[in-house]
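Only one structure is covered here, and it is reproduced in the block below.
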Amino acid sequence: SADQVSAGGSAAVDVLNRVFGYPSFRGQQHDIIEHVAGGGDALVLMPTGGGKSLCYQIPALVRPGTGVVISPLIALMQDQVDALRTVGVRAGFLNSAQDYDERRLVEAEFVNGDLDLLYVAPEGLGVAATQRLLDRGKISLFAIDEAHCVSQWGHDFRPDYLGLSMLHERWPDVPRIALTATATTATRDEIAHRLQLADARHFTASFDRPNIQYRIVPKNEPRKQLLDLLRTEHPGEAGIIYCLSRASVEKTAEFLVQNGVKALPYHAGLDNRVRAANQSRFLREEGMVMVATIAFGMGIDKPDVRFVAHLDLPKSVEGYYQETGRAGRDGQPSTAWLAYGLQDVVQQRKMIDSSDGDLAHRRNAAQHLDAMLALCETVTCRRSQLLNYFGQTATTDNCGNCDTCLTPPESWDGTVPAQKLLSTVLRLQRERGQKFGAGQSIDILLGKETDKVQRFRHNELSVFGIGAELREAEWRGVVRKLLAGGLLAVEGEYSTLVLTDASAGVLRGETKVMMRREAPAKVRAPKQRAA
Ligand code: ADP
Ligand code: ZN
């Protein structure tokens, strides 16, 4: 009734002020909280730093019983619970990392109604004993955090999440709120479907992060480029650097330390204690730089991360958005910087081709990669492209805070060079029955008399030396663009170039190939910082 809503509303504001010490709600928080406190189901999409936690914590405090929070972030449960206890919220957690006595204590607190919030790992909920335990207490709501993990086609699938449809079947009267910071329209529908949230109200905040400056640069000497970025724009500031492999995490961290940067490594291969120690130094000390695989970051609440750098291409736009979203949660100007090169495209295509997934999974991975490549190759605003990807429209075509808006890339018609490159691949295959990697085709086009060129008599091909108008880096750009657009493909162990069905359109002059000028553009600092 209207009475209940207004009572819930004022109670919510009261809890916000009294318990959390904040004067007012942000964005849609108030609407979401009233809806859930009133017993409604909700699906909440809000970017990182938007304030999702309060959306279930306050309803849990306002409603009678314990709010059960399902979170995949076991490593962070202790921190989350400690933070809540500091402000006087009665919170506990159950997970596999905890010892028997601790668990018993939390179980008793729950059954006695002494908990406002109980954090549970998703795999725990599948256990019959846990389900029986939950039957013995009073549940005020279920909060399903990182809800995109239920999507098989997303980038972060966790099989345990599929079991969560059971919540609705077993406890039909308990309201549920699912939350995520990343979801395309398709993923959103999948979450609603798999979690049986068909009747849930959807709350979708803007995904725009105006204080983050998005920049994607061609990769030349990545570590040197990175060091340059840190020294000129972020000296002594906290940041996260993502690398694809553990080895490259180690090497990059070492390199930075040698160059006077306070850097720490983080990846799944490190000892648990080292990992936990590095994470806690990053959170507590000032100006620490974390060099990590994507194993790091989910649920990390550090407001003053000033930059997120990627030394390797992320596998999807969702991943990229989520990782870069860890920058600037305090709303201050921050940088999202990605260095990307031909090798990234080759390597990732190869990884997809050689993965053991079935065809549908490989196709799905390829689609994710293609969207990421399109973002890299775009000649228009990165921000509006990102927002479009998540089904949102940008307020303007020129955000003024991404590399393409700050220094508009010259685009040039690369159709003729593209034709030259594709003909080289075609000739090698047709006339010689040979396949080679990108390097050899470029050497041929540039007319380089290398050992390999002479050995295979590639200097006798009619295309030999016809590409002198471009520099080697530009040719690599052409290959990258063709690969990104599916106009060329790589295959096999040696990543040899092969034509695709779409190559013919370029060769016949029906498909135009527009290129970004590769001049290493200097981007000026974001507006707010210039003063
Ligand atoms: P998310 O889970 O969406 O990434 P959090 O719930 O961790 O975001 O909130 C991000 C930060 O914003 C936290 O430090 C939180 O305390 C703060 N915050 C959330 N809501 C408010 C509010 N209404 N007023 C002030 N600070 C808030
Ligand atoms: Zn822009």
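The values are calculated or read from the model by the stated rules, or taken from the named source; none is laboratory data. Model, not experiment: these values are computed from the prediction. Neighbour counts are summed over all protein chains in view; Cβ atoms, including those assigned to glycine, are modelled from backbone coordinates with ideal geometry. Side chains included, ligands, DNA and RNA excluded: accessible areas come from the protein's heavy atoms. Shrake-Rupley method; radii C 1.70, N 1.55, O 1.52, S 1.80 Å.
Assorted remarks:
- Efficiency of FRET between Arg273 and Leu359 - r from beta-carbon atoms, R0 45 angstrom, step 0.05: 0.60
- With θ taken as phi - 60° and the Karplus curve 6.51 cos²θ - 1.76 cosθ + 1.60 applied, the whole-hertz 3J(HN,Hα) list for segment 221-232 is 10, x, 5, 5, 4, 5, 4, 4, 4, 5, 5, 7 Hz, x standing for glycine and proline.
- The share of accessible area on the chain that comes from carbon and sulfur is 49 percent, using a 1.4 angstrom probe.
- Gyration tensor verdict on segment 176-332 (Cα atoms; rounded if a/c is under 1.5, prolate if a/b is larger than b/c, oblate otherwise): prolate
- Across the chain, Cα pairs under 8 Å and at least six residues apart give a relative contact order of 12 percent.
- log₁₀ of I(q)/I(0) at q = 0.10, 0.11, 0.16, 0.21 Å⁻¹ - segment 1-154, Debye sum with one point per alpha carbon: -0.35, -0.43, -0.91, -1.48
- Calculated FRET value between Val498 and Asp173, using beta carbons and R₀ = 56 Å, to 0.05: 0.45
- In the structure shown, the pairs Lys251/Lys448; Lys251/Lys420; Lys224/Lys481 are assessed against 29 Å; a Cα-Cα span above that value is assigned to Lys251/Lys448; Lys251/Lys420.
- Debye-sum result for segment 332-378 in log10 I(q)/I(0), which assumes one identical scatterer on each alpha carbon, at q = 0.26 Å⁻¹: -0.98
- Net charge contributed by nearby residues that have their C-beta within less than 12 Å of Leu134 (K/R +1, D/E -1): +2
- The charge dipole of the chain, taken about its Cα centre with unit charges on the Cβ atoms of Lys, Arg (+1), Asp and Glu (-1) only, comes to about 1320 debye.
- Cα centroid separation - segment 437-474 against segment 337-351, whole Å: 23
- Across the chain, counting alpha-carbon atoms alone, Rg and Dmax equal 26.0, 87 Å.
- Charging the Cβ of each Asp and Glu at -1 and of each Lys and Arg at +1, and nothing else, the dipole of segment 160-297 about its Cα centre rounds to 280 debye.
- Selected from Gly505, Cys402, Leu311, residue furthest toward positive end of dipole (the chain; charges at beta carbon): Gly505
- Between 0 and 90°, nearest 10: helix 415-432 axis offset from the chain longest Cα axis: 70
- Rounded, prolate or oblate (a/c below 1.5 giving rounded, otherwise prolate when a/b exceeds b/c) for segment 261-318 by Cα gyration tensor: oblate
- Here's the list of aspartates and glutamates a cross-link from Lys452 could span, going by alpha-carbon distance under 15 Å and ignoring same-chain residues fewer than 8 apart: Asp443, Glu460.
- Think of a 1.4 Å ball rolled over the protein heavy atoms: the chain then has 44 Å² of accessible area per residue.
- Loop sites in segment 466-496: trypsin sites (Lys or Arg not before Pro), DSSP, at most 14 other Cβ within 10 Å: Arg471
- One chain, two ends: Glu472 and Thr380. Fully extended at 0.36 nm per residue, the span grows by 30.6 nm beyond their Cα-Cα distance.
- Taking θ as phi - 60° and the Karplus parameters 6.51, -1.76 and 1.60, the scalar couplings of segment 393-403 work out to 9, 6, 6, 8, 7, 10, 6, x, 9, 9, 4 Hz in sequence order, x denoting glycine and proline.
- Packing rank of 365-372, 97-104, where each peptide gets the mean count of other beta carbons within 10 Å, highest leading: 365-372, 97-104
- Average projected area [Cα convex hull, segment 357-500], square nanometres: 10.7
- Evaluated over segment 63-184, the Cα radius of gyration and Dmax, each in Å: 13.9, 42
- Hits among lysines - C-alpha to C-alpha of Lys302 under 20 Å, sequence gap 8 or more where chains match: Lys52, Lys262
- Helix 359-377 axis, angle to the chain major axis (alpha carbon atoms, nearest 10°): 70
- Per residue, the convex hull spanned by the Cα atoms of segment 362-425 amounts to 106 cubic angstrom.
- DSSP beta bridges fully contained in the chain are about 15 percent antiparallel.
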